[in-house]
Amino acid sequence: MSTPTTTSTDTPNFAGMIAGRPGWVSLFEEQLKEDPSAKSYPFSTYSTADNAPKVRYVVHRSLTPLSNLLLTSTDHRMKKYQELEENPNVELAFWMEKTGVQFRISGKAAVLPNKPEEKSALEKIVKETLHAKGEEATPEYWVNKRSEEFEKMSGHLRATFARPPPGTPLEDLKEGEKPGDWSESIKPPGEDEKTKSDLARANDNYHLVAISPSSVEMLELKAIPNRRTVWHRQTGGDGNGGDGEWSVLSVAP
């Protein structure tokens, strides 16, 4: 893919409604392929306890093919878990430096349950909060997807899920939990009892976070003149989104 540098005569006229997979998806995937470093992005939630927004960098894992859900991961002991329980509204921003393109994505996110006994809760989330389609609306899909993403992680990142709860004061850690006791890397299936124990702990703490976009904005700063395109998912009959079509509009940058 070439760097999107154009003249004013090349400016596309995006307007109207589109059904099915919206146009932003292929553009987003092409940009990430062009600049893989952009897979680390700021993820903003809202803290009811602090009455303030909270932002941190996370890693983009994948984009589901049917429902266009963006996936990242979290340790369920982190504060973002509670923040998303209280307020699922989020905003993300991707900056592709190589091509001078920014994507800003707003929507709802949910931390997906990972226990067999939470199957009904998982199904409710993917259907009612994330508006998943087809097989992506089934618990079985997410059980398999979670295992797939957990296995794809680096051993170093996997080890972070086996450490004490994030934010715990170091002085409060017990013997066996201190920094010198932490595994630097965990690779399945584990060759000793400590590694096996750490692997089980990491697997228990690891959760997928799925983000259902409702608004996507693409800003092209290397285009001449600059371009800005906005997609909005139209709400369904219940006012909660879902299978509605997407509107697309070119606006002044």
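Bear in mind these aren't lab numbers, they're just calculated from the coordinates by the rules spelled out. Everything numeric here is computed off the predicted structure, so don't read it as measured data. Neighbour counts are summed over all protein chains in view; Cβ atoms, including those assigned to glycine, are modelled from backbone coordinates with ideal geometry.
Structural remarks
- The length gained by stretching the chain between Lys194 and Glu117 to full extension, at 0.36 nm per residue less their Cα-Cα distance, is 25.0 nm.
- When peptides 63-70, 33-40, 207-214 are ranked by their average number of other Cβ atoms within 10 Å per residue, the highest-first order is 207-214, 63-70, 33-40.
- Crossing angle, helix 193-205 versus the chain [Cα axis fit, 0-90 degrees, rounded to tens]: 40 degrees
- Each Cα pair under 8 Å and six or more residues apart adds its separation to the average, and for the chain the resulting relative contact order is 26 percent.
- Placing dummy labels 7 Å off each Cα toward the beta-carbon, the span from Glu175 to Asn226 is 6.0 nm.
- Residues Ser73, Ser215, sorted so that the one with the fewest Cβ neighbours within 10 Å comes first: Ser215, Ser73
- Checking every one of the GluC sites (Glu not before Pro) in the range 138-181 against DSSP loop status and a limit of 11 other Cβ atoms within 10 Å picks out Glu175.
- Residue among Leu63, Trp142, Ala49 farthest towards the positive dipole end of the chain, charges placed on Cβ: Leu63
- The orientation-averaged projection of the convex hull spanning the C-alpha atoms of the chain amounts to 16.1 square nanometres.
- Listed residues Lys133, Lys108, Lys178, most fluctuating in the chain (Gaussian network, C-alpha, under 10 Å): Lys178
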